[in-house]
Amino acid sequence: RGAVPVCASFQEGVGSGGSTSEFLVGNSNGSIEQFDTRRAGSEPVQTYRSHLGSVDSLVQLDGGRRFVTSSDDKSLRVWEYGVPVVVK
């Protein structure tokens, strides 16, 4: 992977049945990775890609159903949790 984690946010429980065992990590290579602590191993459950620069921040919206990322590429992206396609 070669990415350095820059920011992280624990999921509010929408995709995980009310649990906070899932979290998102924004990386220096522009990707966002979704992890689940209930799964064995350290591989991400989902990877989101669209940014051209390092992901600087993650903010959850709509009770965890969506999240917004900002990047060094001077853009904001809106994502649906669990769907690796940009909403806006």
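The table that follows gives values for the structure above.
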{"read-out": "Selection count where residues are touching a Gly at 6+ places or on another chain (Cβ under 8 Å) and closer than 15 Å to Gln11 by Cβ, scope segment 22-62", "value": "5"}
{"read-out": "Residue list for segment 24-52, filter: assigned to a loop (DSSP other than H, G, I, E, B) and either of a type in the set (Lys, Arg) or open to solvent by less than 10 Å² (accessible area, probe 1.4 Å) (or both)", "value": "Gly30, Arg38, Arg39"}
{"read-out": "Selection count, segment 56-72, where residues are farther than 15 Å from Phe23 by Cα, touching a residue at least 40 places away in the same chain (Cβ under 8 Å) and either open to solvent by less than 60 Å² (accessible area, probe 1.4 Å) or among the small types (Gly, Ala, Ser) (or both)", "value": "1"}
{"read-out": "Inter-residue pairs, beta-carbon under 7 Å, first free of Cβ contacts under 8 Å to residues at least 24 places away in the same chain and in segment 73-88, second loosely packed, with under 12 Cβ neighbours inside 10 Å and not polar (S, T, N, Q), 6+ apart", "value": "Val78/Val87; Val78/Lys88; Glu80/Val87"}
{"read-out": "Residue in segment 29-44 that is hydrophobic (A, V, I, L, M, F, W, C), modelled with pLDDT of 90 or more and in contact with a Lys or Arg (Cβ under 9 Å, 6 or more places away or on another chain) present", "value": "yes"}
{"read-out": "Residue among Ser57, Ser70 that alone is small (Gly, Ala, Ser), assigned to a strand (DSSP E or B) and out of contact with any Leu (no Cβ under 6 Å at 6 or more places or on another chain)", "value": "Ser57"}
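The values are calculated or read from the model by the stated rules, or taken from the named source; none is laboratory data. Note that this is a predicted model, so its numbers are computed, not measured. In this analysis, Cβ positions are derived from the backbone assuming ideal geometry, glycine residues included, and neighbour counts consider all displayed protein chains. The accessibility values were calculated without ligands, DNA or RNA, using every heavy atom of the protein model including side chains. Shrake-Rupley method; radii C 1.70, N 1.55, O 1.52, S 1.80 Å.
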